[in-house]
Amino acid sequence: MNEVLKSLKEVSLEKPVDVIIRQIKELLVSGRLKPGDKLPPERKLSEQFAVGRTHVREALRKLEFYGILQTRPQSGTFVASIGVSALKSLIADVLKIDSPSFLSLVETRVLLEEATIKLACQRRTKEDIKLLEASLNAYLEKAEAGIKAVDEDLLFHLTIAEASKNKVLKSLLLIIIPDIISNYSVFKVCDTVSSKALNEHKQIFACIKDGDAEKAAAVMKKHLKGVMDFAKSLVQ
């Protein structure tokens, strides 16, 4: 592990989280980090990357949401097991073979998001509420300033999936969302953020905090209606 650490480089102040994520992914691709390997503590990673622990924490959290890392209480952060990776690769291969349309991907996302938000309302913890609020604020900070916040939007939705405590639903979302995001770029979806979208994010958070599953699902469906309508327009 010490040899692995030596290969890490200091990051510049510009988007340090992205640089940290890229370097860790490079270690995984090269095989220097393997499934089951334990990462050093945040403090040591912070020193190695020469950035604040907040940046390290955010990078690790994003990698965990993408299923690359796993945090085990009182044990630390580990590279995810090969079993999960194999499952994702298998389903991803099936998706590629079937060449799903943008509409089918969006329809699947809506169904998954409605299911996860209902479970999140029932199972969320105080810690989940804190993480959701932090994700919401990160999204609002960019969106209200007129800056594209696709990553922050995605992280907010994945935080909801995490709060559902259903790893399969979360994994399925992680599989289909990258293809949806790539279509966003092609069709110029979400290039701007409306006040309606901002308010819907706030409403979604409030519903989960209050534990109102039915209202939360209704708001989520309404929130995704714009993307759904656009996807339908492409096949008409």
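The values are calculated or read from the model by the stated rules, or taken from the named source; none is laboratory data. Since we're looking at a predicted model, the values are computed, not measured. Neighbour counts run over all protein chains shown; Cβ positions are idealised from the backbone, glycine included.
A few notes on this one:
- Any hit, the range 106-127, residues being under 28 Å from A231 (Cα atoms) and at pLDDT below 90: yes
- Criterion: among the basic types (K, R), at pLDDT 90 or above and surrounded by 12 or more Cβ atoms within 10 Å (Cβ to Cβ) - qualifying residue of K15, K38: K38
- In the range 164-218, the residue that is surrounded by the most Cβ atoms within 10 Å (Cβ to Cβ) out of those that are part of a helix (DSSP H, G or I), at pLDDT 80 or above and among the polar types (S, T, N, Q) is Q203.
- Condition met for L103 (at pLDDT 55 or above, surrounded by 13 or more Cβ atoms within 10 Å (Cβ to Cβ) and in a helix (DSSP H, G or I)): yes
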